[in-house]
Amino acid sequence: VSDQKPLGCWSVKHGQILTCPVVCNFETHEYIAVHDNKVLRIWKNEDINLDKVFKATLSADVYRIHSLPSGGPVVLFRGGAVRTLDVLLEAPQQEIETIISDEVIKWSEAFMEGQQPVLIFATEKDGDFFVYVQSPKVNSLHKYKLEQQELSKPLSFTAYLKNQIITLLCLYSNDSVYKVMIPLQHNTEEEEQILSKSLLLKLSVSGSVLKGTSFVVLDKDHIAVLGSLTASGEESKECLTIWNTKFQTLQTSKALPLGTSGQLWCYEEKFFFTHGKVLTVIMYKCETSSLAAAVGKLKSSQTPDVASFVNWNTLGDEELVVSFQSQQPVPLKSESKMTLRSKKNTAAKVRSNTLPVGQLLLNLKDASTAAFEDELRQLMSKAQTPDFQATIGSVVTALINRCKANPKYYPRNFLLQIVQTRDLSYSLCPDLMAVALEKKDVHLLQTCLQRFPDIPEEITYACLKVFLSISEAYLQRIDVNLESVISYIDVELNNKEVKTEIVENGFNAELEQDIWDSKITKENHPSTDGELCPVGPQKAALLNAILHSAYSETFLLPHLKNLPAQQAVLFLRYLYYLYVKCIPLLKHNRCHLHIAKCKCTFLLCPQIMDWMCLLLDAHFTVMVMLPEAKQLLSNLHKFVRAQVRFYSELNKIEGSLRELQRLNHQKDFQTYSIEVLEII
């Protein structure tokens, strides 16, 4: 999610429907899915076609599969029966009993109690709600009935297990959260018990009422609720809120103007929810609950930019266009060791030692440039804490915000130093690259492309367009990291000529001559010394940074189609030049294959080929019409044809190579040996 890259995709046949969420078996590293209610599919990451993976047709409809880290998957059927996956796979067609009659399952969750999985689910029938607790391995089942609430019903459930007691939290339609305690009992009881509930939290503050749709537990004193905040005389608006259940206070909230699906997930101190058409991920950190902290958070919730739980800055509408994530939030806290010498010293120490990062940055909003940067450097020089990375992200965000407020202010060296020395990511400071693009700071953009693992494809394309549009003369006057090009481009002192040796390719001299019959004209001028690179060393280094950046073809291709045709041709020429330089040097000399190491160690040949294919997919129709691209396409065609012929020759001796490998395995080599194998 942080890199915004799809890692795998599988689909069922047309007409089939996935009927419950897919889960991962943590023990076997397999995926488990159910389609058409009864058909179980199990596959691994390397599997491609779901039709060829394990399939089992069950005898009853499945409601949900829960995967437990140390207990294996547990299957809940719509009839209320529960089976572990291992037991189910022993006899997929085994009879599944029906526990609930005319009841509809509304929610379920699974836990581990010692070595035993425990599953809890809630059902509804004619307005009454029931709770079932099952331990499938010990064949234990308990049924409870929820105490009715007048003119109100449960909308959402969540639960956690601690000290053999299940704490069930219910979000009701009367804008309240209730708590129900269910002890784990191992004795069999036929009698249905009534569960009494107690009010945990009323979702109202300052005359506004939150109409919650889903919620999650953060810790024993905090919950997060997603819903619509309604005030008298005002239009309701969707928002995410965090509440302190111990002191009944609203810690912080953020409006979500683009709307949500009403679903909220929480995993490893991260919120997941949809905002508009994107998945938003927000990291949070809960502090120890205290009355002073609760009152403080209540005050700071009036200014969302200084929220102590979550930094909402990247949830603005303008950022959502470019970014899928929000950044981490957490105040930097250190113990105060003040001595009361003067009011000035005391105030300074209070500011630097006790204020949360958000409040400190807000106080520095109107400070002078020198004082502002000095305070930020002091903040970064503090000892690293678990939230240190979030602090650095907040520092960069503060610098960028000042750049936006004052167009003449741009601390280029300061920003470059932070990116080069700190472990940052795009999601921590999404506006950084946008400002660098506006300023055409190619050195900073190059550094970000090399160091950030999660740059969106839209930003990668914007960088590519800027790099291709900047003139070579301008690039020669600015600082660019040339480390990625010095291994294969001979840069002269005057930086005006870039000479390289001709690289041979193919499997015999005839094919190699066929490739180099015609040379690319204009930028590439053949000479006795070598072939000229189509771009200068500075631009080559910047383009290499683009090639180094991770991307998803699905998201990048629509943007590449907007690249001007002349720039696309130039980039393709460079990629072709780079591919010829970087592909292993293959010479067919009698019966021996000599393979040289790739000179462009910063890249892999498949990366270059993938980019060439992307460019051709995006611009092929235009390129076939451009006279200046005709020779390039012809060279590419000859090059690919030579490679196909070369690999076809390799395929002819594949059987011999395998036989040689089998013979070598049978021999018992000593510590050192040399053996010459000739293929006739």
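Accessible surface for the range 627-666, divided over its residues, is 69 Å² per residue with a 1.4 Å probe. A Förster distance of 60 Å, applied to the separation of the beta-carbon atoms of GLN94 and GLN631, puts the FRET efficiency at 0.30. Shown are ASP61, ASP617, whose ranking by accessible area with a 1.4 Å probe and every protein chain present, most to least, is ASP617, ASP61.
Protection proxy ranking for 84-90, 472-478, 649-655, using the average of other Cβ atoms within 10 Å per residue and placing the highest first: 84-90, 472-478, 649-655. Projected onto planes of every orientation and averaged, the convex hull of the alpha-carbon atoms in the range 627-666 covers 3.1 nm². Sorting ARG573, ARG658, ARG64 by accessible area puts them as ARG658, ARG64, ARG573; the probe is 1.4 Å, largest comes first, and only protein heavy atoms count. Between the beta carbons of PHE26 and ILE486, assuming R0 = 41 Å, the FRET efficiency works out to 0.35 to the nearest 0.05.
Of CYS24, CYS605, the order by accessible heavy-atom surface (1.4 Å probe, DNA, RNA and ligands excluded), from most exposed downward, is CYS24, CYS605.
Here THR245 sits with roughly 20 square angstrom of accessible surface, probe radius 1.4 Å.
Calculated accessible area for the range 1-158 comes out at 52 Å² per residue, all protein chains present (probe 1.4 Å; ligands, DNA, RNA ignored).
The values are calculated or read from the model by the stated rules, or taken from the named source; none is laboratory data. From a predicted model like this one, the values you see are computed outputs, not experimental measurements. Cβ coordinates were reconstructed from backbone atoms using ideal geometry, including for glycine residues, and neighbour counts include every protein chain displayed. The protein model used for the area step is the full one, side chains on, heavy atoms only, and it has no ligands, DNA or RNA in it. Shrake-Rupley method; radii C 1.70, N 1.55, O 1.52, S 1.80 Å.
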